[in-house]
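Here's the structure, in structure tokens; my notes come after.
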Amino acid sequence: MSSRTLPLLFINLGGEMLYILDQRLRAQNIPADKAKKVMNDIITTMFNKKFLEELFKPQELYSKKALRTVFDRLAHASIMRLNQASMDKLYDLMTMAFKYQVLLCPRPKDILLVSFNHMDAIKEFVKDTPSILSQVDETYRQLLEMYTPLSNGEFQLIRQTLLIFFQDMHIRVSIFLKDKVQNSNGRFVLPTTGPVPHGTQVPGLIRMFSCTGEEVTRLQFINGGNYTTAFREGSFEIFGDRVTKLGTNMYSVSRPVETHMSGTSKNSAQHTKANAELAKIMGEFAESGDQSPSTSSKGDDLLAMMDGL
């Protein structure tokens, strides 16, 4: 288990939560100033300096119950209130979306590109609010400082830790079911088409070498898929083209659900319909009420910190 996984889990789940809340606020025609306040309040809490200092300390992942409680508190960091059923559905959508992204990452290191896609979108949400923007920029710096020096093996351990966390979650999501990237049992369909990971070659060739390192034989075989050469590598800097669409907003009409690294074009009307279904899934925002879920011992430091924000 990697002790560096928690920040990536939190930031990516938080990004998915913000995508959903933004879509719901727009779909329900919430006044722009009120919607902006909701988003700003949540992002301010999510990127609070002291909160992130605690988050970025090397540590084991929190239990599922503790992490869920963190997001309950985060979702209610603004004037918005969700009833229990809506919060359950929100968390299910968040977790299954990020699980799908982790599964489809061609290389373990690409989880960082997924994280940057979420961060880029969050930055866009607060582009007109300099004080919050500076909090987001500081988080970019911390991500780069912690993760860019890591080896491929360390990223593989992070990916393994994430998949262990998600392994028993098989919640069916209508958007995934409609795009045929999830089966009726809740398990995802992994593609056998599309580009291979950056730095690798399309499978189908075996080369044999002598003990002196000279190539002596070549054999070809059928790889059983329809693979293409790798795309260029995405940018791991604060600014730049991430190349992968994994981690971008799947509730945007112009952004189809990915079935491999580059994505495949889908009919935008299908996703408009999916957004309408999301409205049903999430239910109506309640104007009052509060959630007071119990906490577990692991994660109490972050929870206590959130209470004080």
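The values are calculated or read from the model by the stated rules, or taken from the named source; none is laboratory data. The model shown is predicted, which means the values in this text are computed figures rather than measured ones. No Cβ is skipped: glycine too gets one built from the backbone with ideal geometry, and neighbour counts run over all protein chains shown. These accessible areas exclude ligands, DNA and RNA; they are computed on the full protein's heavy atoms, side chains included. Shrake-Rupley method; radii C 1.70, N 1.55, O 1.52, S 1.80 Å.
With all protein chains in place and a 1.4 Å probe, the accessible surface of the range 42-98 carries 52 percent carbon and sulfur. Taken over the C-alpha atoms, the range 129-182 has Rg and Dmax values of 17.1, 42 angstrom. Dipole orientation for the range 110-252: of the candidates Thr212, Thr192, Phe155, Thr192 has the Cα lying most toward the positive pole (charges on Cβ; Lys, Arg +1; Asp, Glu -1). Calculated FRET efficiency, Asp168 and Glu215, Cβ-Cβ r, R0 35 Å, to nearest 0.05? Given R0 = 35 Å and the Cβ-Cβ separation, E is 0.15. Its residue count N sets the reference 2.2 N^0.38 Å, and the alpha-carbon radius of gyration of the range 86-132 equals 1.42 times that reference. As an equivalent ellipsoid, the range 87-217 spans semi-axes of 33, 24, 13 angstrom, where each value is the square root of five times an eigenvalue of the C-alpha gyration tensor, largest first. Surface calculation, 1.4 Å probe, protein heavy atoms: Glu60 sits at approximately 120 Å² accessible. Sparse packing (at most 11 other Cβ atoms within 10 Å of the Cβ) combined with a DSSP loop state is found for none of the chymotrypsin sites (Phe, Trp or Tyr not before Pro) in the range 93-168. Coupling constants for the range 170-182 follow from the phi torsions by the Karplus curve (6.51 cos²θ - 1.76 cosθ + 1.60, θ = phi - 60°), and in residue order they are 10, 7, 6, 10, 4, 4, 5, 5, 5, 8, 6, 9, 9 Hz; glycine and proline get x. Within the range 41-101, the proportion of C-alpha pairs whose separation exceeds 18 Å stands at 44%. Computed extension gain for Asn183 through Lys64, at 0.36 nm per residue and net of the alpha carbon distance, reaches 40.5 nm.
For the range 1-113, the C-alpha radius of gyration divided by 2.2 N^0.38 Å, with N the number of residues, is 1.11. Across the range 41-53, coupling constants 3J(HN,Hα) worked out from phi with the 6.51/-1.76/1.60 Karplus curve, θ = phi - 60°, read 5, 5, 5, 4, 5, 4, 10, 4, 4, 5, 4, 5, 4 Hz, and Gly and Pro carry x.
I need the per residue convex hull volume for the range 166-214, using only the alpha carbons, in cubic angstrom as a whole number.
Per-residue hull volume (Cα only) is 162 Å³.
Quick check: the distance between the Cα centres of the range 148-202 and the range 23-66, to the nearest angstrom? Taking the Cα centre of each part, the range 148-202 and the range 23-66 sit 24 Å apart. With a 1.4 Å probe rolled over the protein heavy atoms of all chains, the accessible area of Lys109, Lys127, Lys89, Lys99 falls in the order Lys127, Lys89, Lys109, Lys99, largest first.
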